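> I'd like to ask you about the structure that follows.
The values are calculated or read from the model by the stated rules, or taken from the named source; none is laboratory data. None of the values given here were measured: they were computed from a predicted structure. Cβ placement follows ideal geometry from the backbone for every residue including glycine, while neighbour counts extend to all protein chains displayed.
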Amino acid sequence: MYLGSVFNSVLVDDGWLLVLGEITFYFLVYSFFGWMLENSYNYFVNGKFLKDNFWKGPFKPMYGFAPVLLVSMIGEGTPVYLILLLCFFVPTLVEYISGLMLDTLFQRKWWDYKELPMQLQGHICLPFSLCWVVLSLFCVTYLHPGLERVFLSVTPWWSYVWPIMLLYFIAEVMFAVMRHTQGRYAEKGTGSLH
């Protein structure tokens with residue numbers, strides 16, 4: 001299912017809950033895949049599987065947002081050149097905004113590309129952006145069509161589960177902000193959020 005057409009129908013009917021449930025499903029799966037990918041990469045590079053994470057659970061939200069945005073923008077008739085451009089710019093922009101927000105709000109970098117060529121403020125770099133193109137193409141071409149079939153097969157019980165998962169993600173954000181903000185103030189010696 002092309003999510004872009006679903007997003008357009010949200011304003012017309014009450015299908016917004018169905019759309020939110022579907023988005024939550026894809027966000028969950030892609031965020032978990034991103035967590036696995038990052039930790040596997042960390043294992044091969046640093047010999048340690050678990051990498052420090054903004055959230056406590058096994059999800060990397062950046063990897064959830066980028067594919068959901070991509071599949072909402074790419075339809076069956078999308079020209080190949082536009083797919084390639086989207087696969088380059090969407091994940092790169094999500095990574096840049098995520099890095100900038102985390103750095104600005106928490107004065108901490110969860111990744112730093114400053115040592116890599118063609119980088120911008122350590123948040124993005126050309127070598128990883130090219131990796132995102134390959135991963136994104138794999139996602140929209142092969143992975144997402146299979147996930148659509150999985151989603152259709154689990155939709156009856158997912159309609160009961162997705163609100164719980166959405167609340168879980170909201171709680172993850174709230175607790176992560178509190179945890180990382182308190183840590184920042186504790187380092188400054190103030191001991192409070194004020």
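> Looking at (1) free of Cβ contacts under 8 Å to residues at least 40 places away in the same chain; (2) part of a loop (DSSP other than H, G, I, E, B); (3) closer than 21 Å to TYR26 by Cβ, find the lone condition where GLY64 falls short.
All conditions pass for GLY64, except number (2).
> While we're on this one: Contact list please: Cβ distance under 6 Å, first residue in segment 3-26 and part of a helix (DSSP H, G or I), second residue at pLDDT below 50 and of a type outside the set (D, E, K, R), pairs at least six apart or on different chains.
From segment 3-26, the pairs are TRP16/VAL10; VAL19/VAL6; VAL19/VAL10.
> Another question about this same structure. Across segment 88-128, what is the total count of residues that are over 26 Å from MET174 (Cβ atoms) and small (Gly, Ala, Ser)?
Final tally of qualifying residues: 1.
> Looking only at segment 27-36, count how many residues are aliphatic (A, V, I, L, M) and free of Cβ contacts under 8 Å to residues at least 60 places away in the same chain.
1
> Condition first: among the aliphatic types (A, V, I, L, M) and closer than 19 Å to PRO67 by Cα. Now tell me which residues in segment 143-169 satisfy that.
Listed by number, the residues that qualify are LEU143, LEU147, VAL150, LEU152, MET165, LEU166.
> Also, quick follow-up: If you go through segment 112-127, how many residues are surrounded by fewer than 17 Cβ atoms within 10 Å (Cβ to Cβ) and not in a strand (DSSP E or B)?
Going through segment 112-127 one residue at a time, the tally reaches 10.
> I've got another one for you. Could you look through segment 96-111, keep only residues that are outside any helix (DSSP H, G or I) and not hydrophobic (A, V, I, L, M, F, W, C), and pick out the one that is surrounded by the most Cβ atoms within 10 Å (Cβ to Cβ)?
LYS109
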